[in-house]
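Since the structure comes first, as structure tokens, the remarks are kept for the end.
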Amino acid sequence: MTQRIAVLGATGSIGDSTLALLAAHATDFEVYALSGHSRLDKLFELCQRFKPKRVAVPSAAVDSFAQRLQAAKLDIDVVGGEAGIVDIAQDSQVDTVVAAIVGAAGLPSTLAAAKAGKRILLANKEALVMAGPLMMQAVKDNNATLLPIDSEHNAIFQCLPRAIQQDNSQIHQQEHGVRKLWLTASGGPFLHQSYEQMQAASVAQAVNHPNWSMGQKISIDSATMMNKGLELIEAAHLFDLPESQIEVVMHPQSIIHSMVEYSDGSVLAQLGSPDMKTPIAHALAYPERIASGVQPLDLFALAALEFTRPDLEKFVCLRLAREAMQSGLLATIALNAANEIAVAAFIDEQVKLTDIALINEQTLDNMAQQSLQSPKHIDDIIAVDQLARQLATAQIQALLA
């Protein structure tokens, strides 16, 4: 039976990889809906190619985009803004939602998909960083399926027994013997450079990842290792473990994507060429397998695999993420919000790369002084997110003064 897929964030790098796979397996998958935000010319081309039934664009662009589609004789329902994306996420005709919208903007639609009982391919780690307990409860309450397509979380998922894959609470059963999860980190472009070199880095240098082709924001997060920090928080929610049972290890080759350590001394690892089509293909076909088109891993060509401890004095954001997870949901929401604001300021060349960690840390300190209750609903989460953004913006203004 053909799976009907909604690709939310279709014009980004995850969207590119997903749509390449859907095109290669067109008899198994139908592109039912797409969404895009800023690259509307690219989204229009995708509509011409895949002819989805529905497409979501920013509210201000609905009429003009609908006219372009009509002129091209494409009968596609155009919806606008966050409400339109949420409507697609919970559309009864959609079987699988690929949640690939970057940042906090992806939370409402991902949560809506969970409440609608969808099969969710999760690339939007912020949905769990900001609303982990709410999101995981919605998945359980509505019999949704949550399959991670971040390469690290997908690797851990593949290395776990089927019982835990289907019910993450099973990770606490002694017969499964899970002792620790290991997240591998490439270290990005500054692994072998000094803090001073990071301090002087340009935007072009920060986005020049040695192994992965990713969007601008996630590439900068990789350069500061905030991306790994967010993945640490995501893993704790996905696999129902405290952060103390999740280790980060530097592995610059990006061949081992993550590992699971068991009580009998076994360590299971998932290896593969650094290409996002591998985890996406795994999740699309789960529990079966399909061809991804990825270059097979040549074991004979692997000269060495290196592993080192992360330098938390240089990569402050990783330390902040672990501390935020220890503090609770208010802190993880604030950290994610502050980081989005700080990264945008770095892209605009208002602050240095190393200022991102300073802004994040000061925002966390300022948030800790607020008298706030732990959020229980999405509206509470968004309110905390907005407050943290205001505090982070004030920090940037102070730096610029």
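The values are calculated or read from the model by the stated rules, or taken from the named source; none is laboratory data. Everything quoted here is computed from the prediction, not taken from an experiment. FYI the Cβ positions are ideal-geometry reconstructions off the backbone, even for glycines, and counts take in every protein chain you see.
Which residue pairs have Cβ atoms under 8 Å apart, sit 6 or more places apart or on different chains, and have a first residue in the range 325-338 that is surrounded by fewer than 24 Cβ atoms within 10 Å (Cβ to Cβ) and a second that is at pLDDT below 95 and not in a helix (DSSP H, G or I)?
Short answer, once both residue conditions are applied: 328/374; 329/374; 329/375; 330/372; 330/374; 330/375.
Give the residue that is modelled with the lowest pLDDT, with candidates limited to residues of the range 115-130 that are in a helix (DSSP H, G or I) and not small (Gly, Ala, Ser).
This residue is 126.
Which ones in the range 1-21 are in contact (Cβ under 8 Å) with a residue 60 or more places away in the chain, within 17 Å of residue 53 (Cα to Cα) and aliphatic (A, V, I, L, M)?
Answer for the range 1-21, where residues must be in contact (Cβ under 8 Å) with a residue 60 or more places away in the chain, within 17 Å of residue 53 (Cα to Cα) and aliphatic (A, V, I, L, M): 5, 6, 7, 8, 10.
Okay, residues lined up against (1) over 30 Å from residue 137 (Cα atoms); (2) without any contact (Cβ under 8 Å) to a residue 60 or more places away in the chain; (3) buried (at least 16 other Cβ atoms within 10 Å of the Cβ); (4) among the charged types (D, E, K, R):
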position	(1), (2), (3), (4)
346	yes, no, yes, no
349	yes, no, no, yes
357	yes, no, yes, no
379	no, yes, no, yes
389	no, yes, yes, yes
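Looking only at residues that are polar (S, T, N, Q) and in a helix (DSSP H, G or I) in the range 12-48, which one is farthest from residue 150 (Cα to Cα)?
If we take residues in the range 12-48 being polar (S, T, N, Q) and in a helix (DSSP H, G or I), then 48 is farthest from residue 150 (Cα to Cα).
Looking only at residues in the range 142-186 that are without any contact (Cβ under 8 Å) to a residue 40 or more places away in the chain and not in a helix (DSSP H, G or I), which one is farthest from residue 96 (Cα to Cα)?
Ranking the candidates gives 173 first.
Within the group 64, 35, 92, 59, which residue is surrounded by fewer than 18 Cβ atoms within 10 Å (Cβ to Cβ) and in contact with a strand residue (DSSP E or B) (Cβ under 6 Å, 6 or more places away or on another chain)? Walk me through how you get there before you give the answer.
Details: 64 fails: in contact with a strand residue (DSSP E or B) (Cβ under 6 Å, 6 or more places away or on another chain); 35 fails: surrounded by fewer than 18 Cβ atoms within 10 Å (Cβ to Cβ); 92 fails: in contact with a strand residue (DSSP E or B) (Cβ under 6 Å, 6 or more places away or on another chain).
Going through 64, 35, 92, 59 in turn, just one is surrounded by fewer than 18 Cβ atoms within 10 Å (Cβ to Cβ) and in contact with a strand residue (DSSP E or B) (Cβ under 6 Å, 6 or more places away or on another chain): 59.
Does residue 112 satisfy the condition of being in a helix (DSSP H, G or I) and modelled with pLDDT of 95 or more?
Considered against the rule, which asks whether it is in a helix (DSSP H, G or I) and modelled with pLDDT of 95 or more, residue 112 comes out as yes.
Look at residue 184 and say whether it is within 17 Å of residue 149 (Cβ to Cβ), buried (at least 18 other Cβ atoms within 10 Å of the Cβ) and not aliphatic (A, V, I, L, M).
yes
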